[in-house]
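Worksheet for the structure shown next.
The values are calculated or read from the model by the stated rules, or taken from the named source; none is laboratory data. For clarity, every value in this text was computed on a predicted model and none was experimentally measured. Neighbour counts run over all protein chains shown; Cβ positions are idealised from the backbone, glycine included. Heads up: the accessible areas ignore ligands, DNA and RNA and are worked out on the full protein's heavy atoms, side chains in. Shrake-Rupley method; radii C 1.70, N 1.55, O 1.52, S 1.80 Å.
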Amino acid sequence: MAFTKRVAEKIMPIPPCGVAQDVWFAVLGNMYFPVEFIYEPLILFRRHDGNVSSSMGKSHDSVSYRLSYRWVTLKEIIKHAGLWRVLRNLLVD
């Protein structure tokens with residue numbers, strides 16, 4: 001993920017309550033600025049067995065934990081961007 005200083009200044013700070021940085025940048029960046037996807041691999045990406053986080057396979061977190069995490073993330077996005085902007089982005093797409 002790459003973005004300009006202007007984007008970072010608009011969407012910072014990242015809340016200290018456990019919201020994932022990549023989710024924060026992707027969701028709020030898309031609310032304020034146009035987003036483009038580059039499908040060509042620009043770096044070599046490797047996953048190792050000892051990684052702390054894993055995107056591989058099914059989550060082992062409970063449903064209540066995953067819902068709680070999503071609720072906290074949504075509350076923080078609304079707090080930062082405002083309810084109207086969040087709803088407008090949901091309805092436009």
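For the reader, a short list of remarks on this structure follows.
- Condition met for PRO15 (under 24 Å from TRP84 (Cβ atoms), open to solvent by less than 50 Å² (accessible area, probe 1.4 Å), part of a loop (DSSP other than H, G, I, E, B) and at pLDDT below 90): yes
- Evaluation of VAL72 against the conditions (1) surrounded by 10 or more Cβ atoms within 10 Å (Cβ to Cβ); (2) in a helix (DSSP H, G or I); (3) modelled with pLDDT under 85; (4) not charged (D, E, K, R) shows that the sole unmet condition is (3).
- Any hit, region 42-52, residues being within 15 Å of the chain's Cα centre (by Cα) and not acidic (Asp, Glu): no
- Single unsatisfied condition, SER64 versus (1) at pLDDT 85 or above; (2) touching a helix residue (DSSP H, G or I) at 6+ places or on another chain (Cβ under 8 Å); (3) surrounded by fewer than 10 Cβ atoms within 10 Å (Cβ to Cβ): (2)
- Where MET1 falls short, out of the listed (1) surrounded by 10 or more Cβ atoms within 10 Å (Cβ to Cβ); (2) in a loop (DSSP other than H, G, I, E, B); (3) among the hydrophobic types (A, V, I, L, M, F, W, C): (1)
- Only one entry of PHE37, PHE25, PHE33 meets the criterion of being touching a Phe, Trp or Tyr at 6+ places or on another chain (Cβ under 7 Å) and either free of Cβ contacts under 8 Å to residues at least 24 places away in the same chain or surrounded by 12 or more Cβ atoms within 10 Å (Cβ to Cβ) (or both), and that entry is PHE25.
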